[in-house]
Amino acid sequence: MLEQPELIRQVHLDYFHAGADVATTATYQATFEGLAARGLSHDEAAARMRLAVQLACEARDSFWQAWGAPEGAAHWRGRHRPLVAASIGPYGAMRADGSEYHGGYGLSRQALKDFHRPRLTLLARSGADLLACETLPSLEEALALAELLDELRQVPDLADLGAWISFSCQDGAHTCEGQRLADCAAALEGFAGVLALGVNCTAPQHVAALLDSARPFTSKPLLAYPNAGERYDPVAKVWQPDPACAHRPLAEMAMDWERAGARLIGGCCRTTPQDISALLARWTAQA
């Protein structure tokens, strides 16, 4: 985002052409604190976050025009106009030490709200269609964000603000910090600003069981966009093979997630536009 923003625009465009209906912006790890460490002022950091949303919107609009859609069309030739979701990563993403995969920050809910508020407020007015509060390892952080969303919805120009909330999970029942996903779903049920919930950046073999556990406790749409089944090494900052991963194509496993209740399905780290193309082809064939 700092050095070659045109590549980010191209990656978004690649996913739209592969069949993606939603892009998440390159703001997952972009925070005022992290960008300050790179030497950016507050205003410069804000401009870069807005740029990340602009890049995704430009790619979406370019794709939609190439698709032949008339101006203002929300649906054309079997496709909905894609959405842009501004990514809100967890506190652990700012630390860049892999703690979004274990949690245990030692912060109060109020401290987490204070951390998230400036970026969330900025991205709420960035031109994105919605927010993606993702890879959250703990219920406490999810509640902090859900409370912030409902607070911001009291501001007149943000009355329609909404987000999905998705958790990183360690097994077929628990978040990375150890709460039951079923309990998380129940706790978030009453927040109007939470439009959907589920799991992301989680080993794909756990997803169906996680969705099954959460489904009885929420009326909100469920979502699933796991990683490719590898483990992140926070020291080397690379993904390593995980022998425990179920080696089935994402498109094949996604049919299990749909049966478990998922209505928004995709991929996270180490998945590719080719995975999205295969998912779309499998979905079309099943329909």
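The values are calculated or read from the model by the stated rules, or taken from the named source; none is laboratory data. Being a predicted model, the structure only gives us computed values, none of them experimental. Virtual Cβ from ideal backbone geometry, glycine too; neighbours counted across all protein chains shown. Areas reflect the complete protein model, heavy atoms only, side chains present, ligands, DNA and RNA absent. Shrake-Rupley method; radii C 1.70, N 1.55, O 1.52, S 1.80 Å.
Let's test the formula: R0 of 22 Å, r as the Cβ-Cβ distance of GLN4 and ALA236. What FRET efficiency results, to the nearest 0.05?
Details: r = 23 Å, r/R0 = 1.03.
The computed FRET efficiency comes out at 0.45.
Give me the Kirkwood hydrodynamic radius of region 163-236, using the inverse of the mean 1/r over all pairs of distinct Cα atoms, in Å to one decimal.
Details: mean 1/r = 0.0811 Å⁻¹.
The Cα-based Kirkwood calculation yields 12.3 Å.
Label points 7 Å out from Cα along the Cβ direction at VAL11 and ASP97: separation in nm?
Simple spin-label model gives 2.5 nm for this pair.
Find me the longest stretch of the chain that has none of the exposed GluC sites (Glu not before Pro), where exposed means in a DSSP loop (not H, G, I, E or B) with at most 10 other Cβ atoms within 10 Å.
Working: sites that count: GLU3, GLU71.
Here the longest run is 72-287.
Return the Rg/Rh ratio of region 90-215 with Cα-based radii and a Kirkwood Rh. Please report the intermediate quantities before stating the final value.
Numbers: Rg = 13.9 Å, Rh = 14.6 Å.
With Rh from the inverse mean 1/r over Cα pairs, Rg/Rh is 0.96.
Just want to confirm a number: the relative contact order over region 54-175, from Cα pairs under 8 angstrom separated by 6+ residues, in percent.
Working: 147 pairs, mean separation 30.1, N = 122.
Relative contact order for region 54-175 comes out at 25 percent.
Calculate what fraction, in whole %, of the accessible area of region 93-210 sits on carbon and sulfur atoms when a 1.4 Å probe is rolled over the protein chains.
51 percent
Quick one: work out Rg over Rh on the C-alpha atoms of region 131-175, Rh as Kirkwood radius.
Numbers: Rg = 12.3 Å, Rh = 11.3 Å.
Across region 131-175, the Cα-based Rg/Rh ratio is 1.09.
Rounded to the nearest 500 deg cm²/dmol, what is the calculated helix-only ellipticity per residue at 222 nm for the chain, with -39500 (n - 2.57) per DSSP H run of length n ≥ 4?
Result for the chain, helices only: -13000 deg cm²/dmol.
Looking at region 42-107, which chymotrypsin sites (Phe, Trp or Tyr not before Pro) are DSSP coil and have at most 10 other C-beta atoms within 10 Å of their C-beta?
Values: sites: PHE63, TRP64, TRP67, TRP76, TYR91, TYR101, TYR105; in loops: TRP67, TYR105.
The qualifying sites: there are none.
What fraction of the DSSP beta bridges in region 1-152 is antiparallel, stated in percent and rounded to the nearest 5?
Details: 2 of 9 bridges.
Within region 1-152, antiparallel bridges account for around 20 percent of the total.
Between ARG263 and ALA73, what FRET efficiency comes out of the Förster formula 1/(1 + (r/R0)^6) with R0 = 22 Å and r the beta carbon distance, rounded to 0.05? Spell out each step's value before the answer.
Working: r = 23 Å, r/R0 = 1.04.
Working from the Cβ atoms, E equals 0.45.
Counting other Cβ atoms within 10 Å of each Cβ, which trypsin sites (Lys or Arg not before Pro) in region 69-135 have at most 11 and sit in a DSSP loop?
On the way: sites: ARG77, ARG79, ARG95, ARG109, LYS113, ARG119, ARG125; in loops: ARG77, ARG125.
Taking region 69-135 and a limit of 11 other Cβ atoms within 10 Å, the loop trypsin sites (Lys or Arg not before Pro) found are ARG77.
In percent, how large is the relative contact order of region 151-287, given Cα pairs closer than 8 Å and 6 or more residues apart? Provide the component values of the computation, followed by the final result.
On the way: 235 pairs, mean separation 28.9, N = 137.
With pairs under 8 Å counted, the relative contact order is 21 percent.
With θ set to phi - 60°, apply the Karplus curve 6.51 cos²θ - 1.76 cosθ + 1.60 along region 140-146 and write out the HN-Hα couplings as whole Hz, x wherever there is a Gly or Pro.
4, 5, 4, 5, 4, 5, 4
Tell me, what ³J(HN,Hα) does each residue in region 187-197 have, in order and in whole Hz, if you take phi through Karplus 6.51 cos²θ - 1.76 cosθ + 1.60 with θ = phi - 60° and put x for Gly and Pro?
With coefficients 6.51, -1.76 and 1.60, one gets 5, 8, 4, x, 8, 5, x, 8, 8, 7, 8 Hz.
Using DSSP, restrict attention to beta bridges with both residues in region 145-271 and report what percent are antiparallel, rounded to the nearest 5.
DSSP beta bridges in region 145-271 are roughly 30 percent antiparallel.
Using only the alpha carbons of region 128-287, what is the convex hull's orientation-averaged projected area in square nanometres?
Values: hull surface 40.2 nm².
Average projection, Cα convex hull of region 128-287: 10.1 nm².
HIS42 label point, 7 Å along Cα→Cβ, cut-off 16 Å on backbone N: hits in region 123-162?
Counting backbone N atoms under 16 Å from the label point, the list is 123.
If amide hydrogens are placed 1.01 Å from N in the peptide plane, which non-local residues have theirs closer than 5 Å to the one on LEU131?
Close amide H contacts, sequence-distant or interchain: ALA86, GLY162, ALA163, TRP164.
How high is the relative contact order of the chain, in percent, counting Cα pairs under 8 Å that sit 6 or more residues apart? Intermediate values should be presented prior to the final figure.
Values: 524 pairs, mean separation 41.4, N = 287.
The normalised contact order for the chain reaches 14 percent.
In sequence order, what are the phi-derived ³J(HN,Hα) couplings for region 78-89 according to the Karplus relation 6.51 cos²θ - 1.76 cosθ + 1.60 with θ = phi - 60°, rounded to whole Hz, with x for glycine and proline?
Calculated HN-Hα couplings, in order: x, 10, 7, 4, x, 9, 10, 10, 6, 7, 10, x Hz.
For the chain, max minus min Cα coordinate along each principal axis, in Å, sorted largest first?
Principal extents (Cα only, largest first): 48, 42, 40 Å.
Mind checking the full-extension length gain between ALA159 and ALA111? Use 0.36 nm per residue of separation minus the Cα-Cα distance, one decimal, nm.
Working: separation 48, 0.36 × 48 = 17.28 nm, distance 2.43 nm.
Contour length minus Cα-Cα distance gives 14.8 nm.
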